[in-house]
Ligand SMILES: Nc1ncnc2c1ncn2[C@@H]1O[C@H](COP(=O)(O)OP(=O)(O)O)[C@@H](O)[C@H]1O
Ligand SMILES: [Mg+2]
């Protein structure tokens with residue numbers, strides 16, 4: 001549990017807006033342990049998504065490096081990074097980002113298209129993932145036929161189906177009502193507890209953050225220390 | 001992966017049924033119009049294409065309206081490489097009304113049909129025709145057009161050769177090939193010649209054109225040269241060319257119209273290309289977040305581009321299939337209307353190939369720019385475009 005899985009080393013990131021250089025993250029430096037369930041909190045615009053995108057290999061830092069499972073992903077080229085993401089990252093987005101023309105099952109199968117699994121194995125795994133999120137009765141449904149909570153559960157199934165090293169979730173409850181949000185949070189909790197998945201979740205919602213094992217606050221591009229969630233051990237079994 | 005791309009590309013058009021069906025309808029109309037206009041062009045040249053390369057046409061070098069002495073026939077026959085010869089005169093009579101135009105030739109009967117084996121006449125009818133000085137032969141389509149039957153009297157009013165001609169239809173020919181013109185009408189040259197002797201004494205024994213059968217199509221140029229040299233510096237100098245060139249010289253008179261039709265047919269394709277490009281640009285812009293998501297999940301950039309191309313091709317090929325399927329019946333309908341203008345009005349295999357090709361080119365050109373954008377979309381910006 002103490003081995004750091006993710007090492008974020010003096011990372012800085014700024015965006016170019018026209019001629020202006022807009023700094024977003026300054027000298028971020030911290031580790032995330034294997035099996036951690038970390039919430040990144042902060043007000044809107046504080047750089048949470050930017051940091052998460054760097055960890056997920058969707059973007060590259062201007063300075064510093066990000067080492068995940070001994071791979072310095074800030075050194076990878078576009079193609080290598082794409083392959084690395086496919087193998088190591090499970091994505092959960094605020095707006096689900098499912099393919100509207102694919103059924104729940106086909107959406108969950110999508111990441112497996114990049115593996116060498118046979119058609120049958122792909123199908124079996126996708127069905128298992130959908131069963132895990134309690135959607136076995138919705139496999140043939142298209143996204144337009146599902147509720148927000150169901151959509152996010154499909155997205156979670158898609159995120160875990162390829163058994164990734166890290167699951168990243170950007171405001172996973174941001175678009176959901178309270179009840180659906182709870183369902184999603186309890187699912188993430190189970191993934192962490194029962195399957196030992198390392199999860200990094202971005203949220204600006206205190207309630208969501210409380211579901212995580214630990215919290216870091218991001219304010220104006222700088223990170224606070226780790227705050228262990230005292231209630232975590234008791235607030236279980238949702 | 002290919003299955004996945006096809007699955008998405010085939011389902012995407014259903015997301016905007018109206019836009020997709022309008023685009024497909026546009027392609028159908030464009031491909032259909034393109035096919036019909038190309039068929040007009042083909043039909044225009046069909047006469048020339050049906051021409052035998054073993055026939056030469058000799059005419060007066062001054063112009064088509066000047067004739068040549070009949071005595072030329074024997075001299076041409078003696079030319080090296082010539083097998084056979086016949087002659088004909090343009091009759092230009094009016095059948096009841098000016099609008100009933102059809103080509104009429106006074107022909108030297110046995111030799112003419114020897115040289116035109118593609119005009120197929122039942123043997124008994126042919127003998128009847130040979131026996132009757134006032135006899136006439138009509139093409140199958142022509143007879144159908146006016147409801148003529150063998151034995152009918154065909155009254156023609158002479159224009160070049162004044163008079164009322166009561167000809168008797170003795171035979172109906174059909175074309176050996178579909179491209180053979182079945183709208184022609186032939187009467188006996190001897191009969192006309194007698195008439196000319198009466199009304200224009202001294203103008204008889206003239207041939208409008210000579211049709212020359214040659215031994216070998218490859219000798220056409222040499223034989224033509226020999227014939228024209230033979231009559232160099234004589235009262236009627238000749239111009240000899242292949243039957244095809246002769247036919248094309250008619251077509252060339254109206255060649256600019258044909259060219260205009262051809263240009264219009266391509267302009268239609270360019271217009272539909274713009275329509276299609278607009279559809280694909282709108283579609284792929286709406287799907288930016290999807291391309292970004294696929295990239296985030298680890299799919300290579302080309303997958304987004306392939307989706308755009310596949311969808312564009314799907315729309316274009318569906319439209320093309322319907323358009324091509326409709327071209328045949330439409331051409332048939334038009335062909336029956338225009339029977340007396342074009343000997344054949346059939347969609348050529350080449351036209352169908354061009355229709356498919358045009359659809360593919362339209363799809364690819366329309367997809368090119370949106371596909372590039374789908375490929376180059378920056379993941380984090382593309383994901384943001386959803387919100
Ligand atoms: N692609 C970009 N180009 C320019 N500025 C950006 C871009 N992405 C984010 N930013 C800016 O960086 C800051 C942090 O953004 P973000 O990480 O999305 O914040 P959060 O997720 O905490 O709300 C914001 O001020 C935002 O405007
Ligand atoms: Mg954010």
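Observations, loosely collected:
- Residue of A:43, A:111, A:172 that the Gaussian network model of chain A assigns the largest fluctuation, springs spanning Cα pairs under 10 Å: A:43
- Mean residue ellipticity, 222 nm, helices only, chain B: the sum of -39500 (n - 2.57) across DSSP H runs of n ≥ 4, divided by residue count and rounded to 500, is -18500 deg cm²/dmol.
- Least to most buried among B:17, B:54 (fewest other Cβ within 10 Å first): B:17, B:54
- Rounded tilt (10° steps) of B:189-199 against the dominant C-alpha axis of chain B: 60
- Highest GNM mean-square fluctuation among A:210, A:107, A:62, for chain A modelled with Cα contacts below 10 Å: A:62.
- C-alpha long axis of helix B:2-11 to longest principal axis of chain B, angle in °: 80
- Within the stretch B:62-236, DSSP assigns beta bridges of which about 70% are antiparallel (rounded to the nearest 5).
- Across peptide A:99-109, the mean count of Cβ atoms from other chains lying within 10 Å of each residue's own Cβ comes to 3.
- Beta bridges assigned by DSSP with both partners in chain B are antiparallel in approximately 80 percent of cases.
- Gyration tensor (alpha-carbon) shape descriptor, the stretch B:62-236, a/c threshold 1.5: oblate
- Within a Gaussian network of chain B (alpha carbon springs, distance under 10 Å), most fluctuating of B:269, B:235, B:172: B:235
- The protein assembly as shown - share of DSSP beta bridges that are antiparallel (%, nearest 5): 65
- Taking a ≥ b ≥ c as the square roots of the eigenvalues of the Cα gyration tensor, the stretch A:77-214 is oblate, since a/c reaches 1.5 or more and a/b is not larger than b/c.
- The slack between residue B:10 and residue B:263, meaning 0.36 nm per residue of separation minus the straight C-alpha distance, is 87.8 nm.
- Helix B:255-286 axis, angle to chain B major axis (alpha carbon atoms, nearest 10°): 10
- Chain A, relative contact order [Cα under 8 Å, separation at least 6], %: 27
- Each Cα pair under 8 Å and six or more residues apart adds its sequence gap; the mean of these over the residue count of chain B is a relative contact order of 29 percent.
- Extent along principal axes [Cα atoms of the protein assembly as shown; Å; largest to smallest]: 128, 49, 39
- Anisotropy class of the stretch B:158-227 from Cα gyration tensor, a/c 1.5 cut: oblate
- Separation of the stretch B:347-387 and the stretch A:1-46, taken as the distance between their Cα centroids, equals 39 angstrom.
- Calculated FRET value between residue B:17 and residue A:78, using beta carbons and R₀ = 45 Å, to 0.05: 0.80
- Residue exposure sequence - B:199, B:360, B:272 - by fewest surrounding Cβ within 10 Å: B:199, B:360, B:272
- Mean separation of Cα contacts under 8 Å, 6 or more apart, over the residue count of the stretch B:62-236: relative contact order %: 34
Just so you know, all these numbers are worked out from the coordinates, no wet-lab data involved. Computed from a predicted model, the values in this text were never measured in an experiment. Backbone-built Cβ (ideal geometry, glycine too); neighbour counts: all protein chains shown.
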